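Undergrad: Questions regarding the structure given below will be posed in turn.
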Amino acid sequence: MTSSKKKRMSMLDSLAAAGTPAPTAATSMMSSNRALRSARDAVDSHRVWELDPALVIDERVSDRLDPDDVADLRDAIEANGQTVPILVRRHPEIPDHYLLVYGRRRLEAIRSSEKVEKIRALVANLDDDAAVRAQISENMARRDLSYIEKALFAKELVEQGFGTQAHVAEVLTVTKSSISMALTIVEMVGPDLIRAIGPAHGIGRPRWDALGRGIEETGADREALIGIADDVYTSANVAVVVDDVTIDNNELSVAAFEAVSKAVTTQQKAAQAVTKAPTPARPKPRVLTVDGARGGVVKRTSKGVAITLESGEFADWVEAEAEDLIQELHRRWKTRREEPTEQ
């Protein structure tokens, strides 16, 4: 292997691991390594290119709900230079233009800079499938996507024709059933409400599923729920200005989720209180009098009418004649029911 080839491969290996530790899950690690190695091997030059940022187009499916502020990164690049190149591929239709594979924050930082005019990039020969895999692997190597980010990303991949649910599941290193469940949750909650809430790291599938079911059960107004999430962010922004406090974006998105979830739960409880029928009062047992003395009781139960007689000879006789007595009572009841009513 030539020294330039070694240098190129080493550079891309560093790119794959820059900034964060490797993924902890074995399957995720293997998938990330495989996709990034494929991207590394596809680089079509032995050097890092310096490109006009205006020639790099970002048409990727978004996989982040909270793109970080690039101001700090821009300042660092202006002070120390761009140490890690982005990865691009040649645009299949527009000459001398490129499609971004990964490195969005670096691209945005340099675009916003008045001091740095060129962006350092590696150019790879990748098709759409390989580009998406590389994007996912690079992002997951830096920081795991939250559950709802993965769910929304999966939905957008399917809708944009990237592949079947099984294909998307393979790319995201999850099972097909989990993709199917994720798509259902996104449908129940609604993409717009999800984006209003944000990534909410730490809020897993069960709570998102409960929120979606609660919204469907109550018919909650999603626009009103979006307003609740927006209020959380607005209050935080006011606190930043007025009280000069520092806001953690993930804590903020979790707070937005909690506020929306609380609103839906309140609606569920209100609906249950309205629909829950009051339990009818059970009538008290009625005393039966025989020859001027207490002979037993009659009471209605949930299953019918129960007659209890005091023990003795009369009770023994009723027990023996019970069939005939019931038949006689039934005959009398029918006769009364069939008698014409006086007008």
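Undergrad: Looking at LYS269, LYS276, which one is under 30 Å from GLU216 (Cβ atoms), modelled with pLDDT under 85 and among the basic types (Lys, Arg)?
TA: None of the other options fit; the residue is LYS276.
Residues are listed down the side, and each one gets a yes or a no for (1) in contact with a Cys (Cβ under 8 Å, 6 or more places away or on another chain); (2) within 21 Å of THR184 (Cα to Cα); (3) modelled with pLDDT of 90 or more:
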residue	(1), (2), (3)
GLU217	no, yes, yes
ASP231	no, no, yes
THR234	no, no, no
GLU258	no, yes, yes
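Undergrad: Let me ask something else about it. Does ARG105 fit the bill of being modelled with pLDDT under 85, in contact with a Ser or Thr (Cβ under 6 Å, 6 or more places away or on another chain) and open to solvent by 20 Å² or more (accessible area, probe 1.4 Å)?
TA: no
Undergrad: With the requirement that a residue be out of contact with any strand residue (DSSP E or B) (no Cβ under 8 Å at 6 or more places or on another chain), open to solvent by 100 Å² or more (accessible area, probe 1.4 Å) and modelled with pLDDT of 85 or more, what does the stretch 301-318 give you?
TA: Selection gives SER311, GLU313, TRP317.
Undergrad: Additional query: Return the only residue of THR184, THR173 being open to solvent by 60 Å² or more (accessible area, probe 1.4 Å) and farther than 18 Å from SER253 by Cβ.
TA: THR184
Undergrad: With respect to the numbered conditions (1) touching a residue at least 24 places away in the same chain (Cβ under 8 Å); (2) open to solvent by 40 Å² or more (accessible area, probe 1.4 Å); (3) of a type outside the set (Ser, Thr, Tyr), which one is the sole condition not fulfilled by LEU193?
TA: Just one mismatch for LEU193, condition (2).
Undergrad: Got a number for residues in the stretch 136-181 being modelled with pLDDT under 75, within 27 Å of PRO92 (Cβ to Cβ) and of a type in the set (Val, Ile, Thr)?
TA: Final tally of qualifying residues: 2.
Undergrad: Looking at (1) at pLDDT 85 or above; (2) of a type in the set (Lys, Arg); (3) touching a helix residue (DSSP H, G or I) at 6+ places or on another chain (Cβ under 6 Å), can you tell me which one ARG133 breaks?
TA: Every condition holds for ARG133 apart from (1).
The values are calculated or read from the model by the stated rules, or taken from the named source; none is laboratory data. Predicted model, so just to flag it, every value in this text is computed and none were measured. Cβ: placed from backbone, ideal geometry, glycine included. Neighbour counts: every protein chain shown. Areas reflect the complete protein model, heavy atoms only, side chains present, ligands, DNA and RNA absent. Shrake-Rupley method; radii C 1.70, N 1.55, O 1.52, S 1.80 Å.
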